[in-house]
């Protein structure tokens, strides 16, 4: 049975879930399965359940893909822990195929190892989307169609490596036969999803025939809004004489809500769920609450009374134009301090700040919020920040760059001065100042073995300066002693320099030859521990390398990977945001804007709503057939961002702060905001009068 719970408040949906669990608790050793769209939603929901139930235990919050894979494994048996068609594994399998026998259409791209890996990553993401949204195409390709994409897909198929399409058919047969129904959970809860790929939705529908499946949907509108059309689309249809009975309802919901509307229609068309509605009217007379009520009741502003008066004291929705991202954060800090002063009950953990470009803003957040006097300090935490922002990753990248490079003196000294390396070998800032004096004195400029200005020749000069009398200017074995180092501190520091360089030279000898991906991971891990001080970030980097090793094992990769390709992959991998980090850990939360992660908060702030960066662009590969044949329910980055903006507006309870770079920092020329922010401002201009 499928039960559909809908509300415009995520808190109300959490209350209903807690009430349902309390009314019919599972036996102590059975685990509740609550499917969520993100780790952040799972963390927030666990806290809400604990508030209502007193404790949140024996509750798992898997992502839908992981849950369905685990369920298929329980029903069918013998499946690996990770699908061989998951993107992280599939890209290496494709890289292997492109190395050995690339299809003619891809041969030019596959000739260079680095371009080959980039192509493999594109193709892996493409096939993953086809598995979710175009399974009928893959069935056709397995029968012999599809040209280059189909030929490569057939090469990837093996009887012992089933993909989602085949597994779903086999699992469906098992479910219909009822022979393994004991493997199903007693019930399933699906919480806060705004979209779901067809193949995963089919899996839940199949389960719903034998077990209760409760879907908790954040519905922005209590009226039926499945057939509303954005005003621009409506105008184009009217110009062609095809508007019919279509209407825009609320212009903001029509423009931003396509993703949720398609999911809502998919549920209603393909299933007949039991419905449970629990809508809550937003309280208050401010602009923010009125906008939320307009969306809730599907009205496009006042019908008869005309434009409403906007109070000069209303600060529930604020828009700020700044000259730079740094200035955006300074404005945000000032506004938050003002809000704390106005409302003593407001706490830092009541504030959520999101941006579509967190890698750009992360270091600026530290500069603005981490360097203020105690009187202006606001506790904060940055989640989703890429691991590349950690000092140990910068040092790791500098280390890998050095190994096959020309070994310039400046690059080596820069590596030694980085805190993770300096901490590992006990080099103080004073020690580094001394080394920066020794290196030019010893004639060291570049190269490990380069004569006479390489590192080995320079080290030998310094060592001779310790061994020979200070008054002896004679050459020894063709080298002139330098430094006359005799003090204990000098000898200690020289010994440390020799130790570090010996380790670096050994790493360069051991790590530059091509090898398999799994061997790369096994060979790199010891150097991470030898050269870098232990801390939390080093362990995160180690875990990332171990995940890379698991991908290599799952792909059974046999081709050799050049060092430059491995380094480029690690660099790009570590630059990606990590959406699995926990949220709501105390203080103001700074996070990336990712789908299904807009949590309710008293104050929500969105930064970086620039015309050229939000909604974010999605570059389509020239060979991606999905770009030429759109189907309802297909996901796109632009539609994701539109729905994210809608969710953010609905998630703010007291105040919504919006900012963008509206002025050029060089010539003060005007720069446009995001089209979504422009639509919001146009809506307000149509239906409100500015205060005198």
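The values are calculated or read from the model by the stated rules, or taken from the named source; none is laboratory data. None of the values given here were measured: they were computed from a predicted structure. No Cβ is skipped: glycine too gets one built from the backbone with ideal geometry, and neighbour counts run over all protein chains shown.
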Inset, instruction - Read through the list (1) touching a residue at least 60 places away in the same chain (Cβ under 8 Å); (2) surrounded by 18 or more Cβ atoms within 10 Å (Cβ to Cβ); (3) more than 21 Å from residue 128 (Cβ to Cβ), then give the number of the only condition that residue 47 fails. - result: (2)
Legend entry - Condition check for residue 131: surrounded by 18 or more Cβ atoms within 10 Å (Cβ to Cβ), in the same structural domain as residue 64 (by TED's automatic domain parsing), in contact with a helix residue (DSSP H, G or I) (Cβ under 6 Å, 6 or more places away or on another chain) and part of a helix (DSSP H, G or I): no
Legend entry - Single residue of 551, 536 found to be modelled with pLDDT under 95 and surrounded by fewer than 21 Cβ atoms within 10 Å (Cβ to Cβ): 536
Legend entry - Residues of region 417-439 satisfying the condition of being touching a helix residue (DSSP H, G or I) at 6+ places or on another chain (Cβ under 9 Å) and closer than 19 Å to residue 460 by Cβ: 434, 435, 438, 439
Legend entry - Given (1) surrounded by fewer than 20 Cβ atoms within 10 Å (Cβ to Cβ); (2) within 21 Å of the chain's Cα centre (by Cα); (3) outside any helix (DSSP H, G or I), index of the condition residue 78 fails: (2)
Inset, instruction - Confirm whether residue 283 is at pLDDT 85 or above and either surrounded by 15 or more Cβ atoms within 10 Å (Cβ to Cβ) or under 22 Å from residue 317 (Cβ atoms) (or both). - result: yes
Inset, instruction - Keeping to region 367-393, report how many residues are surrounded by fewer than 15 Cβ atoms within 10 Å (Cβ to Cβ) and not in a loop (DSSP other than H, G, I, E, B). - result: 4
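Let's see how each residue does on (1) modelled with pLDDT of 85 or more; (2) surrounded by 15 or more Cβ atoms within 10 Å (Cβ to Cβ):
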position	(1), (2)
558	no, no
575	yes, no
591	yes, yes
601	yes, yes
Inset, instruction - Would you be able to say whether some residue in region 660-676 is in contact with a helix residue (DSSP H, G or I) (Cβ under 6 Å, 6 or more places away or on another chain) and farther than 21 Å from residue 331 by Cβ? - result: no
Legend entry - Search result, residues across region 668-691 that are touching a residue at least 40 places away in the same chain (Cβ under 8 Å), over 31 Å from the mean Cα position of the chain (by Cα) and surrounded by fewer than 15 Cβ atoms within 10 Å (Cβ to Cβ): 668, 686, 689, 690, 691
Inset, instruction - Take residue 328 and decide whether it is buried (at least 16 other Cβ atoms within 10 Å of the Cβ), modelled with pLDDT under 95 and out of contact with any helix residue (DSSP H, G or I) (no Cβ under 7 Å at 6 or more places or on another chain). - result: no
Legend entry - Single residue of region 142-152 satisfying the filter (in a helix (DSSP H, G or I) and surrounded by fewer than 20 Cβ atoms within 10 Å (Cβ to Cβ)) that is modelled with the lowest pLDDT: 147
Inset, instruction - Look at region 101-128 and say how many of its residues are modelled with pLDDT under 85 and part of a helix (DSSP H, G or I). - result: 7
Inset, instruction - Among what's in region 303-323 and is surrounded by fewer than 16 Cβ atoms within 10 Å (Cβ to Cβ) and in contact with a strand residue (DSSP E or B) (Cβ under 6 Å, 6 or more places away or on another chain), pick the residue that is nearest to residue 364 (Cα to Cα). - result: 323
Inset, instruction - Being surrounded by 19 or more Cβ atoms within 10 Å (Cβ to Cβ) and touching a strand residue (DSSP E or B) at 6+ places or on another chain (Cβ under 6 Å) narrows it down to one of 517, 497, 524, so name that one. - result: 517
Inset, instruction - Find all pairs meeting these conditions: Cβ atoms under 8 angstrom apart; at least six residues apart or on different chains; first residue within region 439-450 and on the phi > 0 side of the Ramachandran plot; second residue at pLDDT below 90 and surrounded by fewer than 16 Cβ atoms within 10 Å (Cβ to Cβ). - result: 443/452; 443/453; 447/453
Legend entry - Of residues in region 178-193 being in a loop (DSSP other than H, G, I, E, B) and exposed (fewer than 14 other Cβ atoms within 10 Å of the Cβ), the one modelled with the lowest pLDDT: 179
Inset, instruction - Could you look through region 81-100, keep only residues that are in a loop (DSSP other than H, G, I, E, B) and out of contact with any strand residue (DSSP E or B) (no Cβ under 8 Å at 6 or more places or on another chain), and pick out the one that is nearest to residue 116 (Cα to Cα)? - result: 86
Legend entry - Flag for residue 33 being in contact with a strand residue (DSSP E or B) (Cβ under 9 Å, 6 or more places away or on another chain), loosely packed, with under 15 Cβ neighbours inside 10 Å and at pLDDT 90 or above: no
Inset, instruction - For residue 411, indicate whether it is in the same structural domain as residue 450 (by TED's automatic domain parsing), assigned to a helix (DSSP H, G or I) and either crowded, with 21+ Cβ neighbours inside 10 Å or in contact (Cβ under 8 Å) with a residue 40 or more places away in the chain (or both). - result: no
Inset, instruction - Consider residue 430 carefully, then state whether it is over 31 Å from the mean Cα position of the chain (by Cα), in a helix (DSSP H, G or I), without any contact (Cβ under 8 Å) to a residue 24 or more places away in the chain and outside the structural domain of residue 656 (by TED's automatic domain parsing). - result: yes
Legend entry - Filter result (touching a helix residue (DSSP H, G or I) at 6+ places or on another chain (Cβ under 6 Å) and part of a loop (DSSP other than H, G, I, E, B)) within region 24-67: 56, 61
